[in-house]
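The values are calculated or read from the model by the stated rules, or taken from the named source; none is laboratory data. All of these numbers come straight from a predicted model, not from anything done at the bench. Backbone-built Cβ (ideal geometry, glycine too); neighbour counts: all protein chains shown.
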Amino acid sequence: MISKPLPLKPRPRGGLQFRLYFLHRDGHFEKVHEFEAKDDEAAIRISEGWREDRRMELWERSRLVKVWS
């Protein structure tokens, strides 16, 4: 009897999950970018590339990493 090969396990993701929130003047969220980065410093550099002239908040799960005013 020939056995079937076991299915491959998905590879673990290599980074942390971040969310960059863009806030309207009234404090409500307008949009969000979700992305992975290896650490906080890398996530901040990535976020700077999306910088807009408004308040932004960078979160890693429930942890606030940085606020741009």
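Tabulated results
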{"read-out": "Residue list for region 35-68, restricted to those being closer than 15 Å to Gly14 by Cα and touching a Lys or Arg at 6+ places or on another chain (Cβ under 7 Å)", "value": "Glu36"}
{"read-out": "Qualifying position, being modelled with pLDDT under 95, surrounded by 12 or more Cβ atoms within 10 Å (Cβ to Cβ) and outside any helix (DSSP H, G or I), among Arg13, Arg54, Arg19, Arg25", "value": "Arg54"}
